[in-house]
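Reading through the structure tokens given below for one structure.
The values are calculated or read from the model by the stated rules, or taken from the named source; none is laboratory data. Everything quoted here is computed from the prediction, not taken from an experiment. No Cβ is skipped: glycine too gets one built from the backbone with ideal geometry, and neighbour counts run over all protein chains shown. Side chains included, ligands, DNA and RNA excluded: accessible areas come from the protein's heavy atoms. Shrake-Rupley method; radii C 1.70, N 1.55, O 1.52, S 1.80 Å.
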Amino acid sequence: MKSRYAAGLVYFLSVAFTLLLRISGSLWFYDLPGYENFFTLVGQILCFGVLAVAGYFIVGKQCRFDQIKPLCDEFNFKKCSLRNFGLTLAIAVPVVFLNFLVASVWANLVVLIGYVYPSPEAHDVTVATFFADVALTAVLPGIFEEISHRGLLFAGYRDSGSKVVVVSALLFALMHQNIAQTGYTFFLGLILAATVYYTGSILPAIFLHFFNNFVSVVMDYKTLNPLFGAFAAADNWLYSTTGGTVVLILGALASAGILAVCLDAMRKRAVHDGMIPQGARERAAVGALPLRKDVLLWITVAMGVAATVFSWVWRS
């Protein structure tokens with residue numbers, strides 16, 4: 001119960017501070033040069049990194065330094081077997097392919113309900129800005145968003161059994177506080193949480209999160225490198241031609257198959273090693289607070305839903 005309360009409280013504060021940063025930025029600081037980069041740095045490093053770890057250490061571990069090793073274990077900073085990391089590498093491209101497909105479908109759905117996507121802002125296309133975007137968009141979220149969602153949340157909600165996967169994915173999606181991202185981030189969150197649940201290590205999720213965001217950055221720099229341009233041209237062909245549609249469908253089926261086989265292999269190994277029980281899902285631990293009675297969780301969910309709905313109304 002102490003771990004659940006500590007993780008729930010610290011995560012709520014992390015998301016609340018992020019929301020306050022967004023509100024203050026949109027009201028007073030949005031036009032300042034470099035604000036978006038500043039917001040990303042503060043939000044990722046302080047809210048989802050420092051606050052997540054230090055807050056849980058203070059509230060959940062009472063600042064006891066002999067609890068640092070158990071804290072790392074609870075945050076799933078453990079070795080990943082070569083077998084599981086090999087399976088992670090095998091699903092990297094399929095995960096990106098499926099996530100881009102889900103993102104495309106989701107984009108069409110939110111347009112149907114009246115959401116208006118903002119016009120893309122012009123930006124410098126240089127090697128320096130490319131590496132800056134990789135750092136801000138791929139490296140930082142890959143590390144710090146995973147610390148919060150597959151580290152902190154797993155530490156608090158692991159007693160809910162396999163439901164921790166859905167809790168982590170749901171809060172990950174709502175954390176973005178943007179209806180344009182909610183659908184595909186929930187899908188990605190499910191996969192990331194499943195890899196942590198089956199491997200017991202946060203490292204595969206960090207890699208997959210980084211790789212997915214890195215590919216997204218590459219697509220924005222198609223004029224920087226001929227290879228990047230080839231990726232962008234292939235993406236355009238897939239979504240705009242009959243042949244591309246056929247390849248898209250076949251690619252989606254193949255990617256889904258590879259993902260299912262690899263995740264099942266991870267699951268079987270986890271069952272073999274005694275990490276999870278045999279069966280479709282793991283029940284909550286005896287004495288664990290039922291999710292439906294977790295008031296702090298539902299307050300956090302409500303805050304995320306409110307911010308997400310506001311992003312829809314604001315852009316409609």
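Observations on the model:
- Mean Cβ count within 10 Å, highest first, over the residues of peptides 39-48, 196-205, 287-296: 196-205, 39-48, 287-296
- Fully extended contour minus Cα-Cα distance, from Cys63 to Glu121, at 0.36 nm per residue: 16.4 nm
- Accessible area of the chain divided out per residue, in Å², using a probe of 1.4 angstrom: 51
- Centre separation in Å (Cα based) which lies between the stretch 93-117 and the stretch 246-316: 18
- Here the label points at Val309 and Leu250, each 7 Å from Cα along the C-beta direction, are separated by 4.5 nm in the simple model.
- Near Val165: Cβ cut-off under 12 Å, other residues only, Lys/Arg at +1 and Asp/Glu at -1. The net charge is +4.
- Label-to-label distance, nm, for residues given as Val111 and Thr129 (7 Å Cα→Cβ offset): 2.5
- In order along the stretch 160-168, the Karplus-derived 3J(HN,Hα) couplings, from 6.51 cos²θ - 1.76 cosθ + 1.60 at θ = phi - 60°, round to 7, x, 5, 5, 4, 5, 6, 4, 4 Hz, and Gly and Pro are given as x.
- Longest to shortest principal axis, alpha-carbon extents of the stretch 73-129, angstrom: 45, 35, 26
- Shown here for the stretch 107-157: GluC sites (Glu not before Pro) in loop regions (DSSP other than H, G, I, E, B) with at most 13 other Cβ atoms within 10 Å, namely Glu121.
- Of Lys2/Lys69; Lys78/Lys293; Lys69/Lys163, pairs whose Cα-Cα distance is over 19 Å: Lys78/Lys293; Lys69/Lys163
- For the chain, convex hull volume per residue from C-alpha positions, Å³: 152
- Over the stretch 225-306, the fraction of Cα-Cα pairs per 10 Å bin, rounded to whole percents and listed from the shortest bin up, is 14, 19, 20, 26, 19, 2.
- Label sites at Ile299 and Phe85, each approximated as a point 7 angstrom past Cα along Cα to Cβ, lie 4.1 nm apart.
- When each of the peptides 215-227, 52-64 is scored by how many other beta carbons lie within 10 Å of its residues on average, the order from highest to lowest is 52-64, 215-227.
- Just so you know, the Cα atoms of the stretch 35-115 work out to an Rg and Dmax of 19.2, 54 Å.
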